[in-house]
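First the structure, in the form of structure tokens, and then the observations on it.
The values are calculated or read from the model by the stated rules, or taken from the named source; none is laboratory data. The model shown is predicted, which means the values in this text are computed figures rather than measured ones. Methodologically, a virtual Cβ is constructed for each residue, glycine included, from the backbone with ideal geometry; neighbour enumeration extends over all protein chains shown.
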Amino acid sequence: MCSCDCLSIAAHLPVDILPRENPYLLLHNDKGQRFFPLVGRSYWTIGRGKDNDIVIKDHCISRNHAILQSTETGDFYLIDLGSRNGTFVNGRRVAIPVTIHNTDQITFGKTEVQFYRATPTNVGKQPRNLEWDTPTSSVHERRLTSVMVVDMRNFTALTRQLDEKVLSSLIGSWFRHAGGIVRSSGSWVDKYIGDAIMAIWFHGQQEVNQDDILQIFQAIIQLHNMTRALSAQGTSRE
């Protein structure tokens, strides 16, 4: 049975960052409210270990518990990393990456956290300066791109065959390793589509560098090998 006696935070709120104007996590405990500003990067690791971006000292939380990732479209995805006690959003366990929304209740172990982000209605309330109040010019640039979508085969069958905790652990491990492989290859996970990920590489306007293509195929090979290894682990647990 896990216990939750002490909570501490390894993220501090800079004076010049106002939570109401930026996405943030809000944690309630006996010491009051604590803020985790979600600015300055595209993903944040969450866990009990000191090497995480957001450290929560809860004995029910795994050392590497979850990842919160933002995309260029402004969406935020929550990914459980196969934690022992699970991650829950509004009472539902996270098995695959889920999109979180304003005021969603997130549970890590026994720790309750709420996600907040500014709504469009909050924008535009600042005094207007007519001298600078001109339409923004659009910038159009044509560039070659490579798009990769990696999907889990027979995922529906897996959900029926594996125990929920085993499935959550395997899926969390897969998304964690896949994200690392994609980032190390010069791209990032642009979108989570159910049990799949989509990554994008941007190239020049006229041609694609041979090294860039080689890097993409190396990422595909690494994803394949990683998936086979995790599949073997899942088979041994059945």
- Query: Considering the stretch 161-185 alone, what residues qualify as being more than 13 Å from Ile79 (Cα to Cα) and either outside the structural domain of Gln215 (by TED's automatic domain parsing) or in contact with a strand residue (DSSP E or B) (Cβ under 6 Å, 6 or more places away or on another chain) (or both)?
  - Reply: Val182
- In the stretch 83-106, which residue that is on the phi > 0 side of the Ramachandran plot and not hydroxyl-bearing (Ser, Thr, Tyr) is nearest to the chain's Cα centre (by Cα)? Gly86
- Task: Go through the stretch 160-186 and give me each residue that's more than 15 Å from His65 (Cα to Cα), touching a residue at least 40 places away in the same chain (Cβ under 8 Å) and polar (S, T, N, Q).
- Result: Gln161
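Of all residues in the stretch 56-82 being of a type outside the set (D, E, K, R) and surrounded by fewer than 18 Cβ atoms within 10 Å (Cβ to Cβ), which is farthest from Asn22 (Cα to Cα)? Spell out the reasoning first.
Here is the first cut: in the stretch 56-82, the residues of a type outside the set (D, E, K, R) are 56, 59-62, 64-71, 73-74, 76-79, 81-82.
From what's left, surrounded by fewer than 18 Cβ atoms within 10 Å (Cβ to Cβ): 59, 70-71, 73-74.
Values: His59: 29, Ser70: 12, Thr71: 15, Thr73: 15, Gly74: 11 Å.
Among them, the one singled out is His59.
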- Out of curiosity, is Ala219 at pLDDT 90 or above, touching a Ser or Thr at 6+ places or on another chain (Cβ under 7 Å) and assigned by TED's automatic domain parsing to the domain that holds Met152? yes
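Rundown of residues vs (1) in a loop (DSSP other than H, G, I, E, B); (2) at pLDDT 90 or above; (3) of a type in the set (A, V, I, L, M, F, W, C), yes/no style:
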residue: Ile17; (1), (2), (3): yes, no, yes
residue: Gly40; (1), (2), (3): yes, no, no
residue: Asn85; (1), (2), (3): yes, yes, no
residue: Phe88; (1), (2), (3): no, yes, yes
residue: Glu112; (1), (2), (3): no, yes, no
- Identify the single condition in (1) closer than 15 Å to Thr107 by Cα; (2) modelled with pLDDT of 85 or more; (3) not in a strand (DSSP E or B) that Leu7 does not satisfy, given that it satisfies every other one. (2)
- Note on the structure: Going through the stretch 83-104 in order, the residues found to be within 20 Å of Glu164 (Cβ to Cβ), in contact (Cβ under 8 Å) with a residue 12 or more places away in the chain and of a type outside the set (A, V, I, L, M, F, W, C) are Ser83, Arg84, Asn85, Gly86, Thr87, Asn90, Gly91, Arg93, Pro97
- Task: Taking only the stretch 94-110 into account, find how many residues are part of a strand (DSSP E or B) and surrounded by 15 or more Cβ atoms within 10 Å (Cβ to Cβ).
- Result: 5
- Item | Every residue from the stretch 145-164 that is in a helix (DSSP H, G or I) and out of contact with any Lys or Arg (no Cβ under 8 Å at 6 or more places or on another chain) | Phe155, Thr156, Ala157, Leu158, Thr159, Arg160, Gln161
- State whether the residues of the stretch 194-213 include one that is in contact (Cβ under 8 Å) with a residue 24 or more places away in the chain and in a helix (DSSP H, G or I). yes
